[in-house]
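The next block holds one structure in the form of C-alpha cells; read it before the comments.
The values are calculated or read from the model by the stated rules, or taken from the named source; none is laboratory data. These figures come from a predicted structure and were not determined experimentally. Cβ coordinates were reconstructed from backbone atoms using ideal geometry, including for glycine residues, and neighbour counts include every protein chain displayed.
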Amino acid sequence: MIAKNQKNTFGKEVWLALIIIGNCLIGLLHLPVDPQFSTLHVLGYEYHHDFVNNRAFVWFTICHLQILVYTMLCFYFSKRRVKWALSFLMYWMVYTLVWDIFQWANGNTVLMTQSLSILLTIILIGVLVSRKIKREGSKDHIFKFKKYKSDVFIAILIIFLPYLEKSIFHLPFDLRELHILGLTISSSGFPNISSFLGYLLLKVYLLLPTLLCFFEVKKWWRYALLIPILLAIFQIRTALNPDTEDLDTYEVIQALPLLLSVLFLLLFLSRTAYYQSRMMRLYQTTYHNLEVLVHKRLQNREAFLKTTKEKWQQLKTTSSDEQELLDLKQHLERELKKQGR
C-alpha cells in the first residue's frame, strides 16, 4: 500500500545525477589557471602556497573537493557499517583542504587546523544524518545496517590510506624507484616516486566512495557515477605512461565515446523513471480518491444505521404497530449484515 502523501522523488534524483556529473567536470577548472605563477590573488587577498604553480594548487584543491562530495554522497545513501569509516575519509579531505587553503594564508598552527577540520566534519556529518532521519522518518537506519563480510576489510583500507599518504610524502625527494617485495615501482615520468604514488592515491580516494555508492544504490541515477569512475581509470592509465606530461587534461576526450554512452543511458533511464513517476502519482491520486469515496460511504452508512437505530428505539417505545416494528427490525438487520456486523 502506498501512502497518499508519499513525495515524488524524481526531481531530486535528477538533481543528484546533475551534481555527480557537475562535480566530475569541475576537475577541468584548473586548466584555465595560469601555470606561470605560484601566488593566487583572490578578492584582494594574496594566497601563498608551496606548489610548483597556481594550476597545480587549484588542481589539488579541486581533487579533494570532488572526493569530499562523493564521500558525503556515499555516506548519505549507504546502509552499511562501512559508512562510519567514510567519516574518517571525510575528515581527511576536510583537513587537507583547510591546511592547504588557510594555513598558507593565515599561518594556522597544526592544532588550529585539526580543530577546525574536526568541527567542520562534525557539522557535515550532523547535517547528513539529520537529513537522512528526515528522509527516512526514522532513526532505525542509524543502528541497523546491511551486513557484508567485506565491510571490515574496506573500513581498514579507508582508515589506512591517509597514513599511507603521510608515509609516501616522507620518502626521499630524489627517489625515482621503489623496490617492495621484489617489485620495482618507478616514478613513471613524475618528478619523484612520492608524487607518482600520491597521484595514484588521490584516484583511489575517488574510486572508493564512488564504487561503494554505485554498487549499493539501486536507483537509476547511480549510473551517473560511471562518469567519474571511467575518468579516474583513464587518468590512472595516463599516469602510468611515462611519456605523457599532461595529466587530468585530455582524458575526457579519450573517454568521450564511453562517456556519451553513459549519458545516453542516463537519458533513457531518466525518461523511464519520469514516466514511472507519473504513473505512480496517478496511482496515488486514484488510490486517494477511492479511499475518500470508501470513507464517505462508510460515514453515510454509519449515519444511516445510527438514525435507523434511534428510530427503532423510538418506535419500540411509542408505536403499537408490530408489523412496522418488524419491518424496521428486518431492514436494520440486513444493513448490519451487509456491513459484516
Looking at the stretch 219-226, is at least one residue outside any helix (DSSP H, G or I), under 18 Å from the mean Cα position of the chain (by Cα) and either in the same structural domain as residue 66 (by TED's automatic domain parsing) or under 21 Å from residue 19 (Cβ atoms) (or both)? yes
Quickly run through the stretch 16-32 and pick out the residues that are in contact with a Leu (Cβ under 9 Å, 6 or more places away or on another chain) and more than 19 Å from residue 231 (Cα to Cα). none
One residue from 205, 148 being within 30 Å of residue 78 (Cα to Cα) and part of a helix (DSSP H, G or I): 205
Across the stretch 34-68, what is the total count of residues that are among the hydrophobic types (A, V, I, L, M, F, W, C) and farther than 24 Å from residue 228 by Cα? 6
Pick from the stretch 30-42, criterion without any contact (Cβ under 8 Å) to a residue 12 or more places away in the chain and not hydrophobic (A, V, I, L, M, F, W, C), ranking: surrounded by the most Cβ atoms within 10 Å (Cβ to Cβ): 41
Name the single residue, out of those in the stretch 182-194 being under 15 Å from residue 246 (Cβ atoms) and among the small types (Gly, Ala, Ser), that is surrounded by the fewest Cβ atoms within 10 Å (Cβ to Cβ). 189
Look at residue 75 and say whether it is of a type outside the set (Val, Ile, Thr) and in contact with a strand residue (DSSP E or B) (Cβ under 9 Å, 6 or more places away or on another chain). no
Complete set of residues in the stretch 43-62 that are exposed (fewer than 15 other Cβ atoms within 10 Å of the Cβ) and part of a strand (DSSP E or B): 45, 46, 48
